[in-house]
Amino acid sequence: GLPRTAASATNWVGQLHGDDAPTFDYGNADNSPNSRGFNGPGGFALDGTSHRLFVVDPGNNRVMVFNLGTDNRLLDRIADNVLGQDTFRDAAADTSANRFITPLYAAYDEDNDYLFVSDYGNNRVIVFDLSGGIVDGMAATWVLGQPDFDSNAVVLDEFGMTNPRGVAHDPTTDRLYVGSQDHERVLVYDLSGGIANGMAASWVLGQEDFTSEGSN
């Protein structure tokens, strides 16, 4: 096979010295919380158009937003905005339009400026419309997997999901793919006609229909 070479990271976020200089020799969870560290970071998404990096921070129930340069490189290693909390010092978990319970992964739609976040503990995916800009603690615009922002029930049909993890958006077809872990399936949403709270998934992968579950 081909020889393997070790590649060193050239930049990073999440670990800083007291003077805000980056460090590779420190790896403790930062659940203070603040604008510089993470507590078990999950997925991330890149906005290459408006030049932003979204990093999901499950242990602090939030998404950190880093502004980037026009070349999509970090300007610094301090987050500029936070979603899921009102300030960088908060880490509350809740079921509402501006809170998470253990968010895990994110996907970004550059055409519409939408951010999708899988909200694992709330059995849903919430969608932020960022076209008007980002404000710390802003409310999500839509929710998938639940009929409203106050619900987090487990439902096995085309409207529900259980413990969603990975999310991916296909800009060509405007489809959203959501991995629904405990139902052993992937839900596929056709977003070409718009997004509505609690809308039904259009297709299911991994199961014969929307009311079946189980591994195989």
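The values are calculated or read from the model by the stated rules, or taken from the named source; none is laboratory data. Bear in mind that the values here come from a model prediction, so they are computed numbers and not experimental data. Using ideal geometry, Cβ is built from the backbone for each residue, glycine included, and neighbour counts are taken over all protein chains shown. For accessibility, only protein heavy atoms count, side chains too; no ligands or nucleic acids. Shrake-Rupley method; radii C 1.70, N 1.55, O 1.52, S 1.80 Å.
Would you call PHE66 farther than 16 Å from TYR177 by Cα, open to solvent by less than 40 Å² (accessible area, probe 1.4 Å) and of a type in the set (Phe, Trp, Tyr)? In short, yes.
If you check ALA153 against the conditions, is it over 18 Å from the mean Cα position of the chain (by Cα) and open to solvent by less than 30 Å² (accessible area, probe 1.4 Å)? Judged against the criteria, ALA153 is not a match.
Within region 117-126, the set of residues being assigned to a strand (DSSP E or B) and surrounded by fewer than 23 Cβ atoms within 10 Å (Cβ to Cβ) is empty.
Could you tell me whether ALA200 is modelled with pLDDT of 95 or more and surrounded by fewer than 16 Cβ atoms within 10 Å (Cβ to Cβ)? Spelling it out, ALA200 is indeed modelled with pLDDT of 95 or more and surrounded by fewer than 16 Cβ atoms within 10 Å (Cβ to Cβ).
Within region 78-116, if we keep just the residues that are at positive phi and without any contact (Cβ under 8 Å) to a residue 60 or more places away in the chain, the residue that is surrounded by the fewest Cβ atoms within 10 Å (Cβ to Cβ) turns out to be THR102. The condition of being touching a helix residue (DSSP H, G or I) at 6+ places or on another chain (Cβ under 9 Å) and of a type in the set (A, V, I, L, M, F, W, C) holds for only one of VAL154, VAL125, VAL135, VAL188, that being VAL154.
The residues of region 31-50 that are open to solvent by less than 40 Å² (accessible area, probe 1.4 Å) and in contact with a strand residue (DSSP E or B) (Cβ under 7 Å, 6 or more places away or on another chain), listed by number, are GLY37, PHE38, ASN39, GLY42, GLY43, ALA45, ASP47.
Between GLY166, GLY132, GLY137, GLY179, the distinction of being part of a loop (DSSP other than H, G, I, E, B) and touching a Gly at 6+ places or on another chain (Cβ under 9 Å) belongs to GLY137 only.
All of SER50, SER35 fail the test of being modelled with pLDDT under 95 and in a loop (DSSP other than H, G, I, E, B), apart from SER35. Being closer than 19 Å to GLY121 by Cα, assigned to a loop (DSSP other than H, G, I, E, B), among the aliphatic types (A, V, I, L, M) and modelled with pLDDT of 90 or more is the requirement here; does ALA79 meet it? So ALA79 fails the test.
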